[in-house]
Every structure is written in C-alpha cells, then in structure tokens.
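Enquirer: My structure is below; once you've seen it, I'll send some questions.
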Amino acid sequence: MMVQELFISPGHNYFGHHGQPPGEHVLVEVDAVECVAGRGIRGDRFFDYQANYKGQITFFSIEVFRDVCKLLGVEDRSPGAARRNVVTRGIDLNYLVGRRFMLQGIEFEGVCECKPCYWMDSAIGPGAEQALQGRGGLRARILSDGVLHLSE
C-alpha cells in the first residue's frame, strides 16, 4: 500500500451537521501525520474524540476516487473532498476490514467501511454517494505510535 496524500482538519464540516449547512473548516494537505495509539491523528478533528473510536484514522483509495470521478464526469475535485485522512494506492481497503495491518512501521486495525453519506453528492458531485457504496474507504484504529509519511 502506498500513501498518495495525507489530510487533517481541525473541525467537522459534515459530521454532526445533518439538517444544517456544512462547516467551513479547511482541509489541510500535509506531508506527514503523527499517529497516536488509541487517540487518533494529532491535529485532526477526531483526535481524542472518544475512547476506542473506530475512526481514529480513515483511508481512501485513489483508484476508487478516480473511477467515481470518471463515472460522474467530475474533473475539478481533489481526493480530499471525501475528507479521509490517508489517500492510498495499490490496495483494496475492504480487504483490511477486521484485520490488523502495518504501514510504515505503524500498526492499525481495520474496523469498518467509511460508508458514504449524502454529503458526498455535494463534496464530490451528484451521484457520488451511490457510486461510493461498498467502497467509501476504511475506518481504523491506531494501535501503535508513529509518523506516517507520503510514499516516495
């Protein structure tokens, strides 16, 4: 698995905004993120969110993103539009659900799919929620400390 892009955000734009307009927290693209076991990514909106939270870190496939954009005719969005932390290349993220895995010396536990919600239709494009069904990414727990970097 290759790390294509990394993102953090200090606040929620969609989570907890049902029935309201989205938030306006900037998504920050970074070269590295500090993963803290049991707590999340330092500086991210879900850091210390709750004990044993299933989405301490989230992963999203660049291949899925490109496929969805092609299907929807979308050309002006970044993979960051999905608001996942780690954009990967070269792995089926669904394979990692229920499994422990290592990435750059850090241990993670794949918990469940990041199920797409209706916000994806505005973040990526109309039809994105449906197009992402079954491939919305991976929610995971961080089991060991370390720094995750972009792959070279």
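The values are calculated or read from the model by the stated rules, or taken from the named source; none is laboratory data. The model shown is predicted, which means the values in this text are computed figures rather than measured ones. Here the Cβ positions follow ideal geometry from the backbone for every residue, glycine too, while neighbour counts run over all protein chains shown. Just the protein is used for accessible areas: all its heavy atoms, side chains included, with ligands, DNA and RNA removed. Shrake-Rupley method; radii C 1.70, N 1.55, O 1.52, S 1.80 Å.
Enquirer: Hey, among Gly146, Gly80, Gly125, Gly136, which residue is touching a Lys or Arg at 6+ places or on another chain (Cβ under 6 Å) and surrounded by 13 or more Cβ atoms within 10 Å (Cβ to Cβ)?
Expert: Result of the check over Gly146, Gly80, Gly125, Gly136: Gly136.
Enquirer: Further, regarding this structure: Among the residues of the range 95-152, which ones are more than 28 Å from Ala51 (Cα to Cα) and over 16 Å from the mean Cα position of the chain (by Cα)?
Expert: Result: Asp121, Ser122, Gly125, Pro126, Gly127, Gln130, Ala131, Ser151, Glu152.
Enquirer: Just the residues that are assigned to a loop (DSSP other than H, G, I, E, B) and among the β-branched types (Val, Ile, Thr), please, taken from the range 86-123.
Expert: Answer for the range 86-123, where residues must be assigned to a loop (DSSP other than H, G, I, E, B) and among the β-branched types (Val, Ile, Thr): Ile91, Val97.
Enquirer: Could you say whether any residue in the range 35-44 is touching a Gly at 6+ places or on another chain (Cβ under 8 Å), assigned to a strand (DSSP E or B) and open to solvent by 40 Å² or more (accessible area, probe 1.4 Å)?
Expert: Among the residues of the range 35-44, not one is touching a Gly at 6+ places or on another chain (Cβ under 8 Å), assigned to a strand (DSSP E or B) and open to solvent by 40 Å² or more (accessible area, probe 1.4 Å), which makes the answer no.
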